[in-house]
1. I want the local charge near Ala177. Using Cβ-Cβ distances under 13 Å, sum +1 for each Lys or Arg and -1 for each Asp or Glu among the other residues.
2. Taking the square root of 5 times each eigenvalue of the Cα gyration tensor, what semi-axes in Å does the equivalent ellipsoid of region 82-228 have, largest first?
3. Can you tell me the dipole magnitude for the chain around its Cα centre, using point charges on the Cβ only (Lys, Arg +1; Asp, Glu -1), in Debye to the nearest 20?
4. Given a cut-off of 29 Å, what percent of all Cα-Cα pairs of the chain lie beyond it?
5. Take each of the peptides 241-249, 76-84, 106-114, average the number of other beta-carbon atoms within 10 Å over its residues, and list them starting from the highest.
6. Under 15 Å from a point 7 Å along the Cα-to-Cβ line of Glu45: which residues of region 87-103 have their amide N that close?
7. Rg/Rh for region 47-104: what does it come to with C-alpha atoms and Rh from Kirkwood?
8. Using only DSSP helix segments of four residues or longer, with each worth -39500 (n - 2.57), what per-residue ellipticity at 222 nm results for the chain after dividing by its residue count and rounding to 500?
Amino acid sequence: MSNQTLTCNGLSLDLSKPNVMGILNITPDSFFDGGQLFRNGKIDEVVLLRRVEQMLSEGADILDIGGESTRPGASVVELDEELDRVVTAVNLIRKRFDVVISVDTSSPEVMKQSVNAGAGIINDIRALQRENAVTTAAELKVPVVLMHMQGEPSTMQKAPEYTDIVSEVRSFLLQRAEQCKLAGIESKHIILDLGFGFGKTLNHNLSLMKHLSEFTQLPYLNLVGVSRKSMIGQVLNKPVEDRLVGGLSLAIQALNKGAKFLRVHDVGETVDAVKMFSAVEKAL
């Protein structure tokens, strides 16, 4: 693998440009699109594949599949249910499309079965802290996304506190990255995610975005996920359906500070913004 390529279970991502990760929530209760792909206790296969086709036609580089809502106050999904949602979706997509699939999970068993079904990235909001998660990820030999979160989704927004948000998040992510390397995960396969909106106030989120360069200067790739989040609504006083422009503004700021991956709901609009950013970057 060159420094400009990330290999993901047989498929490759071009790191010479920013990569857009489209969100596919296989849940009834995710904050923006819950219930669109998962209805009446099962995956709506027609809607899922139609959504995948749309995202790919709009330029998505990665599809991120999640079977457990991680919105503030979300409840835990049982393992069998998460396996049924996520692995089923991975199988459906990989049989029809050659696209890098990321699985948004903290469960080692979901990681294992998903990668065996063709997924190429493990995206864990708990930074591989569950029992056997690090060793499982190392054995699967795919890139991992390590996210910072204070607390758990069910409680994370109940008065989160930090002495120094930037240094504390940085210290946590570096510590988790070291644990990954000790388990056998290569540095080039480690992607950091500051966890915007996960156990953080508006000021915490804004401070992290302002100081994002301190993270992108580390020897790891960085992913930013702010699409439609409440930090946009708090600044603009707009509901979730009216936060597209605010999210694009943050996305471009993230790219300008060195982020390589953007995790978004709105693929086409984000890809257009990324293309304009890249065109300016390449100009003489």
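1. Details: positive: Arg170, Arg176, Lys181, Lys188; negative: Asp124, Glu178, Glu186, Asp193.
Taking every other residue near Ala177 into account, the sum is 0.
2. Details: eigenvalues 141, 57, 41 Å².
Each semi-axis is √(5λ); the values are 27, 17, 14 Å.
3. It comes to approximately 540 debye.
4. On the way: 10564 of 40186 pairs.
Of the Cα pairs, 26 percent sit more than 29 Å apart.
5. Listed from highest to lowest mean packing, they are 106-114, 241-249, 76-84.
6. From region 87-103, the list is 87-97.
7. Ratio of gyration radius to Kirkwood radius: 1.00.
8. -12500 deg cm²/dmol
No value in this document is a laboratory result; all are computed from the given coordinates. Since we're looking at a predicted model, the values are computed, not measured. In this analysis, Cβ positions are derived from the backbone assuming ideal geometry, glycine residues included, and neighbour counts consider all displayed protein chains.
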